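Working notes, structure below.
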Amino acid sequence: MSDAKRKPSAAEDLRRVLREHPHLIRDDEELLADLGLRVDAANIVDFGPAALARVHAAHKRESRARKHLEATARANFAAQAQTHAAVIDLLEARNHSDLARRIDDMATLRFGLVGATLAIEGPERVPAGWHALVEGQTDLILGPQGLARMGFHAPARGLFGARGEQVKSMAMVRVAIWEPARQGVLAFGSPDEQGFTGDMGAELVAFLARVVERTAERWPVL
């Protein structure tokens, strides 16, 4: 249909009526109040207090959202920087027990956590300083297809030994070490219920797990 034949929309009809009869709004004080407008001394419609209040409230909401995003970005950057520094430290491990100690120190000293543990399934020997799991226990902790689990999982408290009662939330990721692969879990425990939650991404924890796998495979289990 051509523009010449197009029927005016309801909005266009309303604009035309208001332009032709401005008094319909200007002289209706109740309608002006509902719209947050007012007529000043020069007979010009101006923003009233209600409209200004709405603009101010919208600005505050945008400001809060921007500050939240900035704070999240700073926290993510700090976590990444700490993680990269931790990787350098893990790569300097001398043996399996030293690797386990460095993982725990990384959790407590760099990230302020209760601790961290590296657990591996048997029945073969488990390296000194590691937590022993029975065969199939990794699937019980993470789920049969689970690669990571964030949040609180009561049965996993045992991974942290005597410190288990202090753990209020966990970040856990699957590891597979040696050939044939032995399944296990790299677990971090937080004293804060909101330290690790189900809606958090596990990318950094998974990255650390891959570093731990490659580092642990340097040495055989003696």
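The values are calculated or read from the model by the stated rules, or taken from the named source; none is laboratory data. Here the structure is a predicted model, which is why all the values come from computation and not from measurement. A quick note on method: Cβ atoms are made from the backbone with ideal geometry, for glycine too, and the neighbour counts reach across all protein chains shown.
Return yes when A162 is out of contact with any strand residue (DSSP E or B) (no Cβ under 9 Å at 6 or more places or on another chain) and in a loop (DSSP other than H, G, I, E, B) and no when it is not. Judged against the criteria, A162 is not a match. Among the residues of the stretch 172-181, is there at least one that is acidic (D, E), in the same structural domain as V126 (by TED's automatic domain parsing) and farther than 16 Å from L142 by Cα? Yes, the stretch 172-181 contains a residue that is acidic (D, E), in the same structural domain as V126 (by TED's automatic domain parsing) and farther than 16 Å from L142 by Cα.
Mind counting the residues in the stretch 112-137 that are closer than 19 Å to H153 by Cβ, assigned to a loop (DSSP other than H, G, I, E, B) and touching a residue at least 60 places away in the same chain (Cβ under 8 Å)?
Within the stretch 112-137, the first condition is being closer than 19 Å to H153 by Cβ, and the residues that meet it are 113-121, 131-134, 136-137.
If we keep only those that are assigned to a loop (DSSP other than H, G, I, E, B) too, we end up with 113-114, 134, 136.
If we keep only those that are touching a residue at least 60 places away in the same chain (Cβ under 8 Å) as well, we get 113-114.
Summing the residues that are closer than 19 Å to H153 by Cβ, assigned to a loop (DSSP other than H, G, I, E, B) and touching a residue at least 60 places away in the same chain (Cβ under 8 Å) in the stretch 112-137 gives 2.
Of all residues in the stretch 162-180, none satisfies being at pLDDT below 95, surrounded by fewer than 16 Cβ atoms within 10 Å (Cβ to Cβ) and under 23 Å from Q82 (Cβ atoms). Only one of the listed residues (L90, L109, L99) is buried (at least 18 other Cβ atoms within 10 Å of the Cβ), in a helix (DSSP H, G or I) and at pLDDT below 95. That residue is L90.
Kindly indicate whether L186 is assigned to a strand (DSSP E or B), in contact with a helix residue (DSSP H, G or I) (Cβ under 8 Å, 6 or more places away or on another chain), of a type in the set (A, V, I, L, M, F, W, C) and under 20 Å from A85 (Cα atoms). Before you say what the answer is, go through the steps one by one.
Details: assigned to a strand (DSSP E or B): yes; in contact with a helix residue (DSSP H, G or I) (Cβ under 8 Å, 6 or more places away or on another chain): yes; of a type in the set (A, V, I, L, M, F, W, C): yes; under 20 Å from A85 (Cα atoms): yes.
Criteria met by L186.
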